[in-house]
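Encoded as structure tokens, the structure appears first; notes follow it.
The values are calculated or read from the model by the stated rules, or taken from the named source; none is laboratory data. Predicted model, so just to flag it, every value in this text is computed and none were measured. Here the Cβ is made from the backbone with ideal geometry for all residues, glycine too, and neighbour counts use every protein chain on show.
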There are 2 protein chains.
Amino acid sequence: MEIHSKLLNDSHFIYDFPLSQLRLIPDGDNTWFLLIPMREGKKDWSDLSQDEQHQLTDEIDLVCKEIQKHKDPDKLNVASLGNMVPQLHIHVIARYKDDRAWPGPIWGSVANNEFDNKEVLFWQDLFKSR
Amino acid sequence: MEIHSKLLNDSHFIYDFPLSQLRLIPDGDNTWFLLIPMREGKKDWSDLSQDEQHQLTDEIDLVCKEIQKHKDPDKLNVASLGNMVPQLHIHVIARYKDDRAWPGPIWGSVANNEFDNKEVLFWQDLFKSR
């Protein structure tokens, strides 16, 4: 299955779960993952079957728990918006009370810090070795 | 279990699912639901047990499908943000390519149209009679 070019260009490959490909948006401030269910032609959450939705939620849970373990966020944002790119994708984002957009939504705001490419390897290794 | 006063004041009761209370935000432009899992002390998606997360996803799916049937959205937004109110709640929102915030996130923007209170009864009746 093909991933939309905008999602591909905006993020780094991290790991393939049974349903979704996990990718990391290179944001220097906030740890920001995308989960992209690898099923053709899905736009909305409810386009997935019940089994797929349960699997998706298990994958969201796993990503949330790894972020909590390693990045100590004040809050997690979990969101399927897809107004920009119609292909179904779920954002899982670590939020902090002093981050650049708090308490507003983070989409559309620009990071203050440069992204460290070591983050890609860190998360690839972490999910590979689970 | 108590629902945070800000969530209560900002929305109308619609229906009690097995896990979540469904509430409607009175937005004159976009159909905007909240699902509030009725479990004490939950802040993030991953604070729920696996069974509860599966149930939540079933309730999200159901709300999505009723919105699609009755409001013909271009896209559905499903999001757990909770930066303003820490109690876990999930937004399920009908989005349109010509709505006031498209393609940006809708949080923080103000409706152009007045809310019609008949919507509350419409959705209450619809979910009651399912």
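Scanning region A:1-49 for residues that are part of a loop (DSSP other than H, G, I, E, B) and of a type in the set (Val, Ile, Thr) yields A:3, A:31. Taking region A:55-89 as the range and being of a type in the set (Ser, Thr, Tyr) and part of a helix (DSSP H, G or I) as the test, only A:57 passes. Can you tell me which of (1) in contact with a Phe, Trp or Tyr (Cβ under 8 Å, 6 or more places away or on another chain); (2) free of Cβ contacts under 8 Å to residues at least 24 places away in the same chain; (3) within 9 Å of chain A (Cβ to nearest Cβ) is the one residue B:73 doesn't meet? Here residue B:73 meets the rest and fails (2).
The selection criterion, being surrounded by 17 or more Cβ atoms within 10 Å (Cβ to Cβ) and more than 7 Å from chain A (Cβ to nearest Cβ), does not hold for residue B:57.
Any idea which of A:93, A:14 is over 30 Å from residue B:98 (Cα atoms), modelled with pLDDT of 95 or more, crowded, with 23+ Cβ neighbours inside 10 Å and among the aliphatic types (A, V, I, L, M)? Give the steps one after another, and end with the answer.
Working: A:93 fails: over 30 Å from residue B:98 (Cα atoms).
Within the list A:93, A:14, the selection yields A:14.
With respect to the stated conditions, residue A:116 fails to be crowded, with 17+ Cβ neighbours inside 10 Å, part of a loop (DSSP other than H, G, I, E, B) and modelled with pLDDT of 95 or more. If you check residue A:119 against the conditions, is it out of contact with any Gly (no Cβ under 6 Å at 6 or more places or on another chain), more than 26 Å from residue B:76 (Cβ to Cβ) and away from every other protein chain (no Cβ under 12 Å)? Yes: the conditions hold for residue A:119.
Does residue B:52 count as assigned to a helix (DSSP H, G or I) and surrounded by fewer than 20 Cβ atoms within 10 Å (Cβ to Cβ)? Give the steps one after another, and end with the answer.
Details: assigned to a helix (DSSP H, G or I): yes; surrounded by fewer than 20 Cβ atoms within 10 Å (Cβ to Cβ): yes.
Yes: the conditions hold for residue B:52.
Could we say that residue A:92 is assigned to a strand (DSSP E or B) and among the β-branched types (Val, Ile, Thr) here? When the stated conditions are applied, residue A:92 passes them.
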